[in-house]
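The values are calculated or read from the model by the stated rules, or taken from the named source; none is laboratory data. Predicted model only: the values in this text are computed from it and were never measured. Neighbour counts run over all protein chains shown; Cβ positions are idealised from the backbone, glycine included.
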Amino acid sequence: MRLALTAEEAAFRDEMRAFFTTEIPADIRERGRAGHSIFPDDIVATQKILNANGLAVPNWPVEWGGKDWTLTQHQIWLDEMQLASVPEPLTFNAKMVGPVIAEFGSQAIKERFLPATANLDIWWCQGFSEPDAGSDLASLRTTAVRDGDSYIVNGQKTWTTLGQYADWIFCLVRTDPQAPKKQAGISFLLFEVNTPGVTMRPIKLIDGGYEVNEVFFSDVRVPADQLVGEENHGWTYAKFLLGNERTGIAGVTRTKVRLAEVKERAKALGALDDPLFAARLAEVENDLLALELTQMRVSSDSADGKPNPASSVLKLRGSQLQQAVTELFVEVAGADALPFEAGEGIASPEWAQHAAPTYLNYRKTSIYGGSNEVQRTIIASTILGL
Amino acid sequence: MDFQLSDEQVLLRDTTRSMLSGYDTETRNKVVDTDPGYNPQVWKQLADTGILGLGFDPQESGPLEIMVVLTEIGRRVAPEPVVHGALGPGALIAERGDAEQRKLLDAVAEGDQILAFAHTEPGMRSETGKVTTTAVQQGDSWLLSGRKNPVLAGDRADTLVVSAALPDGGTGLFLIDGSADGLTRRPYRTFDGRRGAQVDLDKTAGTPLGESTDATAAIEHAIIRISSALCAEAVGAMEEALRLTTEYLKTRKQFGVTLNTFQTLTQRAADMYVSLELARSMSLYAAMSISDGNLDPVIAARAKLQIGRSGRHIAQEAIQLHGGIGMTWEYPVGHYAARLTAIEHTLGSSQDQLHVLMDNLDSYDLAKL
């Protein structure tokens, strides 16, 4: 047992730290730190720099731009990126559709999509959830009917995050409504969002902003060669994707950076002298370090590359702590949290004006990526055998 | 980073586990209810395997092995006073004692001598605070007066390591023979089935442990080491409390179905698992830090705070998810709850740990391991 990084790991950390803090423009990182990244420009610009240096998709197979890294190296890459407030590679590309195509796609599909996906030349969005298929994803009803060399897609998706910037959508569709199990008749289809018959409608959220969308499909004609893998095998690909999504979703280092900022604000306002507040801050810090150590244990485990069921612990606890920090921001802001984008000359500082909307926005973290209730069910069944 | 046990550590774990496997609840309750409150045969076996001397020789195995052993002790709520009667005070003697005093450790490691660390005093709110027991020098000898309580394993300790205020300031450490004149002990049981005593000293002769100088650093080290061992013990207790709970949920039937049919119960069991893993991480952190030679009170506080939170959560839920049977003396789960409660309140409560962290909050920006 050894807590410290090996000399090789420490050198790798230094290399990552130097890269992220010198190669990614300071203004992009500063906006990232404050939670005001410019969409989509900051994300695209960053991912192109990362990709040019082979650091956008280390989790992919080596032949498609991945790295032959240890799990610990992957964790260091992520931690250092978050420590430097670098916008992370777009999840939909890097962690979702890319690995699915690389694992299950034909050679033609790989060549067509993977380089553009790694470089964020294509911005992908996710067509999974439906109005009646949330946690019960397999009950989805969007259909794709084969018609010559095409599929005709009809139905509706929802909670499609950042779909307003997307070029393409990866979509779970029902290709065999007669299948004996609802999981058996699902396929994984790719198409452009500007295909005739696709309508994207933004959904306004409780923070007043726009992040997710409804997507409607009306007789959308999709070339059949944009099917990933085999018809009716989409559920297998979806489970693979969801397992990958959970990994690295805890955001431990990002939360630490946010927590350091709350502390800085609290200190400036004298709130750190309030023992009630100081106790809560100290406790959240401790919770976060306990989670970081747990993440280190998971990532140093000589696993076989499969998603570790312990990643459910990381997602569950990570989301709770992300939320806890947003609550601390609101508390430090106090009454200054009430005005919102109130304009010039208002005494309430900008960070305080954004504290409450961010708190409200972050309620999402225990819902997305498999709600925390779903994670508990995974822990209870997979780990505890209940 | 490497969180894997070595082959030797795995062997030690398995040996300890099988040594303690006789402790079902009935056996343990019987042992706890009769003197000396632990099983002398088990004590001898622990000695024969080298467990009672772990950490005494800095060249030999230490903190990680203690962690491994204590987790097994926690798993069976075994009553043998391994930490309070041997390893804790023993490490103090090893750190500070002279060559003659360190010879005592051989007898401890062989299971022939029991020690106790007499430090806590009535009304003491912080374990690193000032003690009111005094030591005065008379000629060549030192005389100690004051009250120590609770002294865990103090009920039958052959030698006590006693902290006392020095005439010129600072806190010294003294060895006192358990049968010394002027020493009165009132032995008792603790609520979790362990043994302890109130020890009153009235001009009792003591020998300075090493030099008769301030030993505050050594006391702090002892508290850090004992805390880490208790954290590991708590992890074992939590693991078993959760295992008992999941077994129960899988087998107990109500409304014609097993309890694991009810999501309200399985979701709570999942949260217990999260608490357990967080506690395990922090226990590893504490032991690995000591193993690296880093005896840091902040790390000790971090670990013990998490263990306190997780232990309380798991203990309470383990009883609740069992229902009435969890309340009974003959069923194991309540004894785990009792032990976890005792650990939380030994050598500083969760609140005390939080105070350590609060006082340190201003000295860094980003929380770091």
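Give, as residue ranges, the strands (runs of 3 or more DSSP E) completely inside region B:74-169 that count at least 1 residues that are surrounded by fewer than 22 Cβ atoms within 10 Å (Cβ to Cβ), of a type outside the set (S, T, N, Q) and at pLDDT 95 or above. Steps first, answer last, please.
Details: elements: B:115-118, B:134-138, B:141-152, B:159-165.
Hits in region B:74-169: B:134-138, B:141-152, B:159-165.
Where the second residue is among the charged types (D, E, K, R) and in a loop (DSSP other than H, G, I, E, B) and the first is more than 12 Å from every other protein chain (Cβ to nearest Cβ) and lies in region B:1-25, which pairs have Cβ atoms under 6 Å and are six or more apart or on separate chains?
Sorted first by the residue in region B:1-25, then by its partner, the pairs are B:Leu20/B:Arg76; B:Tyr23/B:Arg76.
(1) without any contact (Cβ under 8 Å) to a residue 40 or more places away in the chain; (2) buried (at least 20 other Cβ atoms within 10 Å of the Cβ); (3) within 30 Å of A:Pro275 (Cβ to Cβ); (4) away from every other protein chain (no Cβ under 12 Å): which one isn't true of B:His345, the others all being true?
(2)
Take A:Gly334 and tell me if it is small (Gly, Ala, Ser) and either surrounded by 21 or more Cβ atoms within 10 Å (Cβ to Cβ) or at pLDDT below 95 (or both). Steps first, answer last, please.
Details: small (Gly, Ala, Ser): yes; either surrounded by 21 or more Cβ atoms within 10 Å (Cβ to Cβ) or at pLDDT below 95 (or both): no.
Spelling it out, it is not the case that A:Gly334 is small (Gly, Ala, Ser) and either surrounded by 21 or more Cβ atoms within 10 Å (Cβ to Cβ) or at pLDDT below 95 (or both).
Only helices (runs of 4 or more DSSP H) wholly contained in region A:286-386 count here; list those with 3 or more residues that are of a type in the set (Ser, Thr, Tyr) and either over 19 Å from B:Leu284 (Cβ atoms) or in the same structural domain as A:Ala271 (by TED's automatic domain parsing) (or both).
A:311-333
Just to verify a result, which residue in region B:273-298, among those that are more than 9 Å from every other protein chain (Cβ to nearest Cβ) and aliphatic (A, V, I, L, M), is nearest to the chain's Cα centre (by Cα)? If you could, list the steps in order and put the result at the bottom.
First, pick out the residues of region B:273-298 that are more than 9 Å from every other protein chain (Cβ to nearest Cβ): B:275-276, B:283, B:286, B:290, B:293, B:295-298.
Cutting the leftovers down to aliphatic (A, V, I, L, M) gives us B:276, B:286, B:290, B:295, B:298.
Working: B:Leu276: 18, B:Ala286: 13, B:Ile290: 15, B:Leu295: 16, B:Val298: 18 Å.
Residue satisfying both the conditions and the ranking: B:Ala286.
If you take the residues in region A:178-211 that are of a type in the set (D, E, K, R) and not in a helix (DSSP H, G or I), which one is farthest from A:Asn361 (Cα to Cα)? Talk me through it step by step, then tell me what you get.
Applying the first criterion (of a type in the set (D, E, K, R)) to region A:178-211 yields A:181-182, A:192, A:201, A:204, A:207, A:211.
So of that shortlist, the ones also not in a helix (DSSP H, G or I) come out as A:181, A:192, A:201, A:204, A:207, A:211.
Numbers: A:Lys181: 36, A:Glu192: 28, A:Arg201: 19, A:Lys204: 11, A:Asp207: 6, A:Glu211: 10 Å.
Checking each candidate, the answer is A:Lys181.
The rows are residues; the columns are (1) part of a helix (DSSP H, G or I); (2) within 14 Å of chain B (Cβ to nearest Cβ); (3) farther than 18 Å from A:His74 by Cα.
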position: A:Leu5; (1), (2), (3): no, yes, no
position: A:Glu9; (1), (2), (3): yes, yes, no
position: A:Phe12; (1), (2), (3): yes, yes, no
position: A:Ala18; (1), (2), (3): yes, no, no
position: A:Thr21; (1), (2), (3): yes, no, no
position: A:Phe39; (1), (2), (3): no, no, yes
position: A:Ala56; (1), (2), (3): no, no, no
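For the condition closer than 16 Å to A:Glu373 by Cβ, facing chain A (nearest Cβ under 10 Å) and crowded, with 23+ Cβ neighbours inside 10 Å, what is the one hit in B:Ala270, B:Ala301?
Numbers: B:Ala301 fails: closer than 16 Å to A:Glu373 by Cβ.
From the options B:Ala270, B:Ala301, the qualifying one is B:Ala270.
Exactly one of these conditions fails for B:Thr245: (1) buried (at least 24 other Cβ atoms within 10 Å of the Cβ); (2) under 22 Å from the mean Cα position of the chain (by Cα); (3) within 11 Å of chain A (Cβ to nearest Cβ). Give me its number.
Checking B:Thr245 against (1) buried (at least 24 other Cβ atoms within 10 Å of the Cβ); (2) under 22 Å from the mean Cα position of the chain (by Cα); (3) within 11 Å of chain A (Cβ to nearest Cβ), the one that fails is (2).
Is there any pair with a first residue in region B:311-337 that is within 18 Å of B:Lys253 (Cα to Cα) and a second that is assigned to a loop (DSSP other than H, G, I, E, B) and at pLDDT 95 or above whose Cβ atoms are under 6 Å apart and which are 6 or more apart or on different chains, and what are they?
B:Ile325/B:Tyr331
Take the conditions of a type outside the set (Phe, Trp, Tyr) and within 14 Å of chain B (Cβ to nearest Cβ) and apply them to A:Leu338. Does it pass?
Values: of a type outside the set (Phe, Trp, Tyr): yes; within 14 Å of chain B (Cβ to nearest Cβ): no.
Answer is no for this residue.
Say whether the condition of being of a type outside the set (D, E, K, R), within 19 Å of the chain's Cα centre (by Cα) and over 18 Å from A:Thr247 (Cβ atoms) is met by at least one residue in region A:58-73. Let's see the steps before the verdict.
Pass one, region A:58-73, residues of a type outside the set (D, E, K, R): A:58-62, A:64-66, A:69-73.
With within 19 Å of the chain's Cα centre (by Cα) added as a condition, the list becomes A:58-60, A:66, A:71.
Subsequent filtering for residues that are over 18 Å from A:Thr247 (Cβ atoms) retains none.
Within region A:58-73, not a single residue is of a type outside the set (D, E, K, R), within 19 Å of the chain's Cα centre (by Cα) and over 18 Å from A:Thr247 (Cβ atoms).
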